[in-house]
Amino acid sequence: GAVVSQHPSRVICKSGTSVKIECRSLDFQATTMFWYRQFPKQSLMLMATSNEGSKATYEQGVEKDKFLINHASLTLSTLTVTSAHPEDSSFYICSAGVAGANVLTFGAGSRLTVL
Amino acid sequence: DAKTTQPTSMDCAEGRAANLPCNHSTISGNEYVYWYRQIHSQGPQYIIHGLKNNETNEMASLIITEDRKSSTLILPHATLRDTAVYYCIVRVPYNAGNMLTFGGGTRLMVKP
């Protein structure tokens, strides 16, 4: 079945630094990938839709200059958290779907801790 | 996407069937019922989906009422590894560009 891989699974960084999270579709091509964020004891919230070869679409309240998304190929989307602060500490999850397959596949998630 | 209502939490004894209900009274004719689950600190995992007929796969069964206003996910023999948050989502079938919107889900605790 379709597999989505995320890297790193855990990352700890200092406040003010930038962190890049990769999301790869391993056995299929994904023209669209989705980035979610999940705070403790809360549900997943969509941050942005990543479109291959074009700009990402951000949900209301998500700063596009802070959360940079690049979808340079049909199998890779990256999320860069720029100038991270402790409030950005969260669980970031990407997902992608095979067109016509009716389901979305999710990565295992990346836990970001900003000190 | 149609709104869904699920109980916040449920307990189930290990080895027994876990029946997780979901109400979706505003479901449209072309919307499917999807179930995903999220085990602690992992990404969501697809379980099953259906339109109006009951569905079964290796993980679970999905029972949809005739009026389609509610459904039940059944884990026939729950194990401790089934402890997770279960999300019922009602929406049109996925195609490129359509995301999933998650509600609060049901936190299922399987106890020995």
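Values quoted throughout were computed directly from the atomic coordinates according to the rules given, and no laboratory measurement underlies them. As the structure is a computational prediction, the values presented were derived from the model and not from experiment. With ideal geometry, Cβ positions are generated from the backbone for all residues, glycine too; neighbour counts draw on all protein chains shown.
Any of A:Lys14/A:Lys66; A:Lys41/B:Lys69; B:Lys3/B:Lys69; B:Lys69/B:Lys111 with alpha carbons more than 18 Å apart? Name them for me.
On the way: A:Lys14/A:Lys66 16 Å; A:Lys41/B:Lys69 28 Å; B:Lys3/B:Lys69 11 Å; B:Lys69/B:Lys111 30 Å.
Flagged as over cut-off: A:Lys41/B:Lys69; B:Lys69/B:Lys111.
From Cα pairs below 8 angstrom and at least 6 apart in sequence, can you work out the relative contact order of segment B:10-112, rounded to a whole percent?
This gives 37 percent for segment B:10-112.
Tell me, Kirkwood radius of chain B from alpha-carbon pair distances, in Å? Intermediate values should be presented prior to the final figure.
On the way: mean 1/r = 0.0712 Å⁻¹.
About 14.0 Å for chain B.
Which residue, B:Asn54, B:Asn19, B:Asn30, has the most motion in a Gaussian network model of chain B that connects Cα atoms within less than 10 Å?
B:Asn30
Assign unit charges at the C-beta atoms only (+1 for Lys and Arg, -1 for Asp and Glu), then state the dipole size of chain A relative to its Cα centre in Debye, rounded to the nearest 20. Walk me through the intermediate numbers first.
On the way: 10 positive and 8 negative charges, 51 e Å.
That gives a dipole near 240 debye.
Treating only the Cβ of Lys, Arg, Asp and Glu as charged (+1, +1, -1, -1), what charge dipole size does the protein assembly as shown show about its Cα centre? Round to the nearest 20 debye. Present the calculation step by step, with values, prior to reporting the outcome.
Details: 20 positive and 17 negative charges, 82 e Å.
Roughly 400 debye for the protein assembly as shown.
For B:Asp67, B:Asp82, which order do you get if you count the other beta carbons within 10 Å of each Cβ and list the fewest first?
Numbers: B:Asp67 9, B:Asp82 19.
Lowest to highest Cβ neighbour count: B:Asp67, B:Asp82.
What is the local net charge at A:Tyr92, summed over the other residues whose Cβ is closer than 12 Å to its Cβ (Lys, Arg +1; Asp, Glu -1)?
Values: positive: A:Arg10, A:Lys20, A:Arg37, A:Arg111; negative: A:Glu22, A:Asp88.
Neighbour charge sum, excluding A:Tyr92 itself: +2.
Viscosity 0.890 mPa s, temperature 25 °C: Stokes-Einstein D of the protein assembly as shown from its Kirkwood Cα radius, in µm² per second? Don't skip to the answer; put the middle values down first.
Details: Rh = 18.2 Å.
D = 135 µm²/s.
Which order do the peptides A:52-58, A:66-72 take when ranked by the mean count of other beta-carbon atoms within 10 Å per residue, highest first? Walk me through the numbers before you get to the answer.
Values: A:52-58: 14.9, A:66-72: 17.4.
Highest to lowest by the protection proxy: A:66-72, A:52-58.
Would you calculate the convex hull of the Cα atoms in segment A:30-115 and tell me its volume per residue in Å³?
Numbers: hull volume 8.8 nm³, N = 86.
Measuring per residue, one finds 102 Å³ for the Cα hull of segment A:30-115.
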